[in-house]
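Peer 1: I'd like to ask some things about the structure below.
The values are calculated or read from the model by the stated rules, or taken from the named source; none is laboratory data. None of the values given here were measured: they were computed from a predicted structure. In this analysis, Cβ positions are derived from the backbone assuming ideal geometry, glycine residues included, and neighbour counts consider all displayed protein chains.
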Amino acid sequence: MPGLVELAYTTGGGVVGAALTNYFTKIQERRQLRAEVYRRLEATRAISGGVREIRIGLPPNTLTSRKTLADALGIVAVLEDGTDAHRALREALSELLTAVLVAGIPRRVADFAAGAHERVLESAVATAVNRRLGGLADTDQLTQAAQAYRAETTGLLLAVLWRPWRARLRTRGRIRELRVAVHALRLQQEAAVAALTRPEQAETLHQRLDPDGTLRETWIEDRLP
């Protein structure tokens with residue numbers, strides 16, 4: 001039977017061992033969470049900037065209060081594999097938000113990062129439409145601004161992910177800066193959308209995407225009672 005000294009040593013060793021095991025388990029879990037955030041970020045980035053072309057889609061939707069450029073023009077943006085870019089981005093953002101929230105990142109930081117990817121996709125669609133229409137708007141500058149904004153929001157998200165205590169001291173200030181940046185970006189996007197969605201421009205775009213009018217005839221048939 002062990003003496004008091006041996007018993008104390010054995011018990012202490014068990015406690016230390018359990019603490020070390022718990023510590024390394026948490027480190028491993030944290031690494032896994034960070035790795036998952038990186039994977040979701042990369043997948044989302046590939047989608048938001050991966051528009052290959054635009055096609056005729058559903059009839060223009062003027063009823064919804066928050067419509068995209070694609071909604072307003074009745075088109076669909078597609079990725080390299082033919083997937084609807086907006087649908088793919090919604091799914092990717094859902095997975096990204098889940099990953100960052102599980103990793104302990106504040107929701108407002110996650111929302112800015114997610115919104116930035118939506119801005120990049122909208123600028124990519126505007127660029128594709130502008131190309132079809134012969135260059136009516138300055139979408140190059142819009143794209144650069146959207147990508148710069150995405151880089152800023154991603155930088156904040158990763159700072160909070162890697163150094164939450166240090167980042168917390170600067171998060172409020174950076175959020176204020178991001179609000180200013182996204183306001184300026186929104187004005188740029190609204191100007192581009194206004195230039196690209198004038199009635200005559202929309203009609204020209206539809207004619208170039210659907211020269212024989214087959215899909216537009218389907219629109220009319222769908223609207224008939």
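Peer 1: List every residue pair whose Cβ atoms lie under 7 Å apart, where the two residues are 6 or more positions apart in sequence or sit on different chains, the first residue falls within the range 128-147 and is touching a residue at least 40 places away in the same chain (Cβ under 8 Å), and the second residue, located anywhere, is small (Gly, Ala, Ser) and surrounded by fewer than 18 Cβ atoms within 10 Å (Cβ to Cβ).
Peer 2: 136/195; 137/195
Peer 1: If you take the residues of the range 159-170 that are surrounded by fewer than 17 Cβ atoms within 10 Å (Cβ to Cβ) and either within 17 Å of residue 107 (Cα to Cα) or small (Gly, Ala, Ser) (or both), which of them is nearest to the chain's Cα centre (by Cα)?
Peer 2: Applying the filter and picking the extreme gives 162.
Peer 1: Which condition from (1) at pLDDT below 90; (2) closer than 30 Å to residue 197 by Cβ; (3) in a helix (DSSP H, G or I) is the one that residue 168 breaks?
Peer 2: Condition (2) is where residue 168 drops out.
Peer 1: Go through (1) closer than 16 Å to residue 51 by Cβ; (2) surrounded by 13 or more Cβ atoms within 10 Å (Cβ to Cβ); (3) over 14 Å from the mean Cα position of the chain (by Cα) for residue 140 and report which single condition fails.
Peer 2: For residue 140, the exception is condition (2).
Peer 1: Within the range 176-185, can one find any residue that is over 24 Å from residue 50 (Cα atoms), free of Cβ contacts under 8 Å to residues at least 40 places away in the same chain and not in a helix (DSSP H, G or I)?
Peer 2: No.
Peer 1: Checking residue 156 against (1) touching a residue at least 60 places away in the same chain (Cβ under 8 Å); (2) crowded, with 18+ Cβ neighbours inside 10 Å: exactly one of these is not met. Which one?
Peer 2: Failed condition: (1).
Peer 1: Restricting to the range 67-114, give me the number of residues that are under 26 Å from residue 30 (Cβ atoms), small (Gly, Ala, Ser) and surrounded by 18 or more Cβ atoms within 10 Å (Cβ to Cβ).
Peer 2: Count: 6.
Peer 1: Ok, one more. Only one residue in 174, 150 is touching a His at 6+ places or on another chain (Cβ under 7 Å) and modelled with pLDDT of 85 or more. Which one?
Peer 2: When all the criteria are applied, what remains is 150.
Peer 1: List the helices (runs of 4 or more DSSP H) that sit entirely inside the range 1-107 and contain at least 1 residues that are under 18 Å from the mean Cα position of the chain (by Cα), within 25 Å of residue 174 (Cα to Cα) and at pLDDT 85 or above.
Peer 2: By residue number, 4-48, 85-102.
Peer 1: Something else: Can you find, within the range 187-201, the residue that is farthest from the chain's Cα centre (by Cα) among those that are surrounded by 13 or more Cβ atoms within 10 Å (Cβ to Cβ) and part of a helix (DSSP H, G or I)?
Peer 2: The qualifying residue farthest from the chain's Cα centre (by Cα) is 201.
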